[in-house]
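See below for the structure under consideration.
What follows is calculated from the coordinates using simple rules that are stated; it is not laboratory data. Keep in mind that what you see is a predicted model, and the values were worked out from it rather than measured. Quick reminder, even Gly has a Cβ in these numbers, built from the backbone with ideal geometry, and neighbours come from all protein chains shown.
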Amino acid sequence: MTIELLARVLFWVAVAALVYAFVRSHLLLKYLRQNHHEKWRSLGSPELFRNTSRGYGSFIRSSEYRALGDENLNRLVRKYKNQIKVLLLIGSIFAILVLAELRWLD
């Protein structure tokens with residue numbers, strides 16, 4: 001398998017992983033809005049593509065969500081964070097492959 005083919009396959013895997021991350025984010029925001037409405041409002045009423053505030057990001061990153069004591073929310077956040085890690089890994093490998101291909105073209 002050539003690097004070019006591997007990069008193409010990895011690109012489409014990354015696209016699928018990105019779509020899945022959007023689905024995870026949507027589910028997380030929907031759950032937060034329906035089950036912790038006051039907290040959701042205090043974060044600026046974030047939605048998937050609009051009104052996404054910095055407060056929501058820091059809420060997720062700082063583990064502040066755990067203070068709500070909701071195991072379902074904790075599970076959704078863990079899955080979302082894992083999906084982001086997978087995306088970063090795929091993106092890093094893709095970037096390395098592209099850079100390696102560019103170097104070999106010289």
Is it true that A14 is surrounded by 15 or more Cβ atoms within 10 Å (Cβ to Cβ), assigned to a helix (DSSP H, G or I) and of a type outside the set (S, T, Y)?
yes
Scan segment 61-82 and report the pairs whose first residue is in contact (Cβ under 8 Å) with a residue 40 or more places away in the chain and whose second residue is among the aromatic types (F, W, Y), with Cβ atoms within less than 6 Å and a gap of 6+ or a chain change.
L73/Y65; L76/Y31; V77/Y65
What are the residues in segment 80-95 that are surrounded by 13 or more Cβ atoms within 10 Å (Cβ to Cβ) and either touching a Lys or Arg at 6+ places or on another chain (Cβ under 6 Å) or hydrophobic (A, V, I, L, M, F, W, C) (or both), if any?
Y80, Q83, I84, V86, L87, I90, I93, F94
Filter segment 30-79 down to residues that are at positive phi and surrounded by 12 or more Cβ atoms within 10 Å (Cβ to Cβ), then give me how many there are.
2
Out of segment 17-58, which residues are of a type in the set (D, E, K, R), within 16 Å of the chain's Cα centre (by Cα) and assigned to a helix (DSSP H, G or I)?
R24, K30, R54
Consider segment 16-51. How many of its residues are out of contact with any helix residue (DSSP H, G or I) (no Cβ under 9 Å at 6 or more places or on another chain) and either among the hydroxyl-bearing types (S, T, Y) or in contact (Cβ under 8 Å) with a residue 12 or more places away in the chain (or both)?
2
